[in-house]
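Working notes, structure below.
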């Protein structure tokens with residue numbers, strides 16, 4: 001400040017005025033006081049409004065929370081994320097709040113994290129409905145989010161209106177088409193379709209049932225049930241009475257486990273047994289036993305045998321850190337969303353959200369999920385759309401990406 005003041009006073013004396021006039025006439029550039037460089041933040045803060053309690057909590061822990069935390073530990077072990085603007089690596093920190101599986105709370109906490117907690121970026125909550133709920137908030141504050149547990153037909157329609165939301169997960173259109181194609185390939189003749197009343201179940205079933213009918217599969221029974229139902233045995237007995245080739249359930253983990261347990265109890269054993277969320281969890285295999293789940297199918301597939309750089313190493317690191325296996329659908333995707341954010345920050349060279357968003361929109365990223373490239377905000381690659389438990393591993397069996405031949409009919413319950 002003192003030097004700057006003296007320079008200004010010099011310009012006020014006669015000799016200084018002559019210099020100033022001369023500078024103007026010949027186009028000199030006068031020296032200006034050196035501006036202090038913007039100070040780098042001590043940490044890059046990632047806000048995470050997510051379910052630590054309630055019906056969404058098991059899925060959140062499996063697909064996102066552990067992956068997010070492992071990523072933060074991995075990044076910090078290397079000194080942080082390099083940000084060119086500050087010419088240094090900056091450690092990351094995740095600030096997490098419990099949404100209690102409530103959509104209104106998710107919205108409020110997202111806004112709180114952005115406005116009050118001053119986080120630099122948001123790591124999203126769990127579940128399709130929660131992603132829909134926070135979309136207007138992240139769009140309003142121009143905060144880019146890469147979502148992993150959002151799967152909805154309407155997302156593609158709404159994407160142009162929420163340009164700050166990117167979707168990593170494969171969507172009902174792709175997974176539904178793959179399931180229908182598989183049913184056609186296996187010559188499934190009849191099916192029962194059941195679903196919960198959350199957005200995931202309603203949309204997924206609404207997308208698949210017409211396709212099944214067109215492909216020649218007779219949907220004999222088509223019923224919904226309440227989200228978080230505690231007893232589905234009456235519905236499953238109706239399915240058994242219908243004697244269908246395929247049982248297709250669009251369900252969240254607690255219901256998926258319940259459907260499997262009660263189907264086994266009542267002796268419901270269709271040739272094709274499929275449920276969406278939860279089948280790919282190692283805890284699903286471990287609860288019932290590898291022999292029991294042999295032949296059961298589910299949505300989305302990732303496994304440590306996939307031929308992508310670093311996949312097996314990441315799997316081993318995850319198991320060592322948490323003492324449990326990652327799931328075979330979204331866990332690697334949860335880690336990959338963080339990899340995308342990290343690499344986008346490094347490429348952008350700044351923490352400015354709009355510039356990071358632009359990088360996410362146009363670049364290709366190598367991740368533990370495989371190559372990630374967004375087109376119109378949707379990831380163009382996912383390892384598999386239909387998986388099946390075979391000898392303790394969840395294998396890719398959909399026709400277009402098949403890495404193992406499907407088991408059909410499903411074996412009898414042991």
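Only helical runs count toward this figure. For the chain, summing -39,500 (n - 2.57) over DSSP H runs of n ≥ 4 and dividing by all residues gives -13000 deg cm²/dmol at 222 nm. In the chain, the longest principal axis of the Cα atoms and the axis of helix 253-266 are about 10 degrees apart. Residue exposure proxy: 114, 134, ordered by other Cβ atoms within 10 angstrom of their Cβ from fewest to most, comes out as 114, 134.
The C-alpha atoms of the chain define a longest principal axis, and helix 128-140 lies at about 20 degrees to it. Panel order for 368, 293, by other beta carbons found within 10 Å of each beta carbon, from fewest to most: 293, 368.
Once the Cα atoms are used to define both axes, helix 66-77 deviates from the longest principal axis of the chain by about 40 degrees.
The mean sequence separation of alpha-carbon pairs under 8 Å and at least six residues apart, normalised by the residue count of the chain, gives a relative contact order of 16 percent.
Neighbour counts of C-beta atoms inside 10 Å place 158, 306, 123 in the sequence 158, 306, 123, starting with the fewest.
For the pair the stretch 249-271 / the stretch 298-374, the C-alpha centres are spaced 31 Å from each other. Computed log10 I(q)/I(0) for the stretch 269-384 at 0.10, 0.18, 0.20 Å⁻¹: -0.38, -0.96, -1.09, from the Debye equation with unit scatterers placed on every C-alpha and solvent omitted. Packing here is the average count of other Cβ atoms within 10 Å per residue, and on that basis the peptides 61-71, 357-367, highest first, run 61-71, 357-367. When the Cα atoms of the stretch 324-414 are aligned to their principal axes, the ranges along those axes come out at 56, 30, 15 Å in descending order. Antiparallel beta bridges, as assigned by DSSP with both residues in the chain, represent about 35 percent of the total such bridges.
For the chain, the Kirkwood radius over C-alpha pairs fed into Stokes-Einstein at 25 °C and 0.890 mPa s yields D = 106 µm² per second.
Each value in this text was obtained by applying a stated rule to the coordinates, not by laboratory testing. Since we're looking at a predicted model, the values are computed, not measured. Please note: Cβ atoms are built from the backbone with ideal geometry, for glycine as well, and neighbour counts cover all protein chains shown.
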